[in-house]
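What follows is a single structure, written as structure tokens, with notes after it.
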Amino acid sequence: MTPIKALILGAATLSIAACTNPNRFDNEVDLSATRAAPAVDPASLGPAPNTPEYFQQTVGDRVLFEVDQSTLTAQGRAILDAQAAWLTTNSDYVAIIEGHADEQGTREYNLALGARRSNAVKEYLVSKGISDSRLRVVSYGKERPIEICSEEACYAKNRRAVTIISGGLTS
Amino acid sequence: MMTRVLAAMMALMLSVSAGLAQNGPLRIEITEGVIEPVPFAAPAFVAETAGAGEWGQRIAQVVADDLVGTGLFRQIGQQAFISQVTSFQSPVAYADWKAINAQALITGAVQTDGAGNLVVKFRVYDVFAGGELGAGLQFAGTTEGWRRMAHKVADAVYSRITGEGGYFDSRVVFVSEAGPKDDRRKRLGIMDYDGANVQYLTDSRALVLAPRFSPTGDRVLYTSYESGFPRIKVLDIGSVQSRTLEQGDATMSFAPRFAPDGRSVVYSLTTGGNTDLYKLDLGSGATTRLTSAPGIETAPSYAPDGSRIVFESDRSGTQQLYIMPAGGGEAQRISFGDGRYGTPVWSPRGDLIAFTKQSKGRFHIGVMRVDGSEERLLTASFLDEGPTWAPNGRVIMFARETQGAQGTSSLYSVDVSGRNLKRVRTPDGASDPSWSPLQ
């Protein structure tokens, strides 16, 4: 999991650098507003909408799949609609889509299944107008579970495709 | 290290025993169902030079462990012996060995010199027939390679009594696993077939999966995430140097296996969401596409004669086994039972396909004939997967993962008859075993 954390951190640094230039005026307004209302704790405001943290926490970075399936569910498509909207607005960012499987399957088949899932997400985002060149896919098969119990409650969360926002196109 | 030992090792005939090699009544037919293990005695090999005694003890013990480990033999402890073997040349006191019901007697002698050279010789006796089983043999090597020499002795004994090829002088490459399920670190390990002499071929920085030995045991194919994306690599065991075989625009390449001639590799390549089989010529770098169905085609395995490839595909809707000509072309489905079938591996004897089967929430290792008939399941557990054949096609090793948050993976072996299921010791968790040819 370390490489993913490193990517997110890197992206956060880039996005801060990116906002200070074109949005300098907005930033100043925000700062003065904060000073004028000291009762509001800045930490409680959450990540700014143009950050990868916001994408991850508020837009929703993952969609889940049924057993041995790579078909997007209605709920999955709704999340991907929001992802596509965010990516359209924040056009400096690229993304890696990770496909995963639960442990109920052989290793190499699950690698291919994870690739199908990440590709289903990519194709959906492309159909919503996101450029193919901004999206890469990778599969981890059953190698990177986030939940470790051997029950459907955990398996359901592991059968996922996660959109990881990373550095801007110009970086 | 091992290649040096191999180069130094040679076998020569000691003598042809009186009455020639005989196949007396001492014979195990290992295709039979339930077998009563054959009792044998293996006294410490006689030291013929000063300082060789320690090697004599250790070598006799490894020989005995190899034989007992097959489930076909039972060792008679030294405390039961009536006779002691103090000279390799002296006549055998058959009556004393008969009295303790030792059906086979293995005697040996060792010589060492100050330069680390080791000579091992042995004889096998069919006690009840009152004669030698085959001729005496001698191996010369170094003390560093003492275990290999012991395995060679055990292979010869096994072969003479069963009529089958041996498998003890072989190695296994595998994935060594450490850490919990959600932070598992994997690296390639290599060890003797019995878990001794573990060495590591990669570190844990990049995820590695599913290594496979070359037909000569000198190289290993595997899948690595070194670039951040799965790519197939080949590693030279002697130099521990590796190179990436494929780094095109595709999503990933994985599941590489050598052709029997070692000159080409069949593997899976994923483009978009579609996974197909390709062949890569190692000399020219040229690739040939072998399948073009829209499904997942992976886990290929060549027939020992190189003419056909068995693989898994979900083109029918679920994972099933198919066989096609090695150059691609029409594939015949061979698995038709309930459940899903994956990871087919062709037996080195050519007669059987080993596979992983998922059915009703359980995993099995099984075998079937090449035409799909006579399916037999050898194991059952929460998660068994990834069979690999011993060089003689009589034993299968695989990985078993235990259930739940604390689940870990270990290697197990089982006879092709389904008997003698046992764990193979490894220092940490282990998965994805691949058995080498006989060295």
For the cross-link pairs B:Lys233/B:Lys360; A:Lys142/B:Lys360; B:Lys181/B:Lys279; B:Lys152/B:Lys279; B:Lys121/B:Lys422; B:Lys233/B:Lys422, which exceed 27 Å when the distance is taken from alpha carbon to alpha carbon? B:Lys233/B:Lys360; B:Lys181/B:Lys279; B:Lys152/B:Lys279; B:Lys121/B:Lys422; B:Lys233/B:Lys422
What distance in nm separates the two pseudo spin-label positions at B:Asp305 and B:Leu282, each 7 Å out from Cα along the beta-carbon direction? 2.3
Direction-averaged shadow area of the convex hull around the Cα atoms of the protein assembly as shown, nm²? 33.5
For chain B, the longest principal axis of the Cα atoms and the Cα long axis of helix B:146-162 enclose an angle in degrees, to the nearest 10, of 90
Under the Karplus relation 6.51 cos²θ - 1.76 cosθ + 1.60, θ = phi - 60°, what is the ordered set of whole-Hz ³J(HN,Hα) values for the stretch B:204-212, x standing for Gly and Pro? 8, 5, 10, 4, 10, 9, 6, x, 9
Scaled radius of gyration (Cα, divided by 2.2 N^0.38 Å) that chain B gives: 1.05
Can you pull the Kirkwood radius for the stretch B:223-272, inverse mean 1/r over Cα pairs, to one decimal in Å? 11.5
Using alpha carbon positions and the Kirkwood radius, the Rg to Rh ratio of the stretch B:150-248 is 1.08
Where in the stretch A:76-171 are there GluC sites (Glu not before Pro) that are in a DSSP coil and have at most 14 other Cβ atoms within 10 angstrom of their Cβ? A:Glu151
Compute the whole-percent fraction of alpha carbon pairs in the stretch A:40-171 spaced more than 19 Å apart. 49
Does the stretch B:285-411 come out rounded, prolate or oblate, given a ≥ b ≥ c as the square roots of the eigenvalues of its C-alpha gyration tensor, rounded meaning a/c under 1.5 and, failing that, prolate meaning a/b above b/c? prolate
If you project the alpha carbons of the stretch B:192-349 onto the principal axes, what extent comes out on each, in Å, largest first? 42, 38, 32
Could you tell me the calculated FRET efficiency between B:Gln332 and B:Arg425, based on Cβ-Cβ distance and R0 = 35 angstrom, to the nearest 0.05? 0.30
Across peptide A:112-122, what mean number of C-beta atoms from other chains lies inside 10 Å of a residue's C-beta? 6
In the stretch B:354-432, the GluC sites (Glu not before Pro) that sit in a DSSP loop and have at most 16 other Cβ atoms within 10 Å of their own Cβ are B:Glu374
Using the per-residue mean of other Cβ atoms lying within 10 Å as a proxy for protection, in what order, highest first, do the peptides B:212-223, B:102-113 fall? B:102-113, B:212-223
Can you list residues from other chains, or at least 5 along the same chain, whose modelled amide H is less than 5 Å from the amide H of B:Ala47? B:Val110
Between B:Arg289 and B:Glu144, how high is the FRET efficiency from 1/(1 + (r/R0)^6) when r is the Cβ-Cβ distance and R₀ = 51 Å? Nearest 0.05. 0.65
I'd like the Karplus ³J(HN,Hα) series for the stretch A:67-83: coefficients 6.51, -1.76, 1.60, θ = phi - 60°, whole numbers in Hz, and an x wherever there's a Gly or Pro. 4, 6, 10, 10, 7, 6, 7, 4, 5, x, 5, 5, 5, 5, 4, 5, 4
Tell me, what HN-Hα J-couplings in whole Hz come from the Karplus equation 6.51 cos²θ - 1.76 cosθ + 1.60 at θ = phi - 60° for each residue of the stretch B:401-416, using x for Gly and Pro? 9, 8, 7, x, 4, 8, x, 9, 10, 9, 8, 10, 10, 8, 5, 5
Average partner coverage of B:62-74, which counts Cβ from other chains inside 10 Å: 0
Peptide A:132-142 - average C-beta neighbours from other chains (10 Å radius): 3
When averaged across all projection directions, what area in nm² does the alpha-carbon convex hull of the stretch B:40-165 cover? 7.1
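Since every read-out is calculated from the coordinates, none of them should be taken as a lab result. Quick caveat: nothing in here was measured; it's all calculated off a predicted structure. Cβ coordinates were reconstructed from backbone atoms using ideal geometry, including for glycine residues, and neighbour counts include every protein chain displayed.
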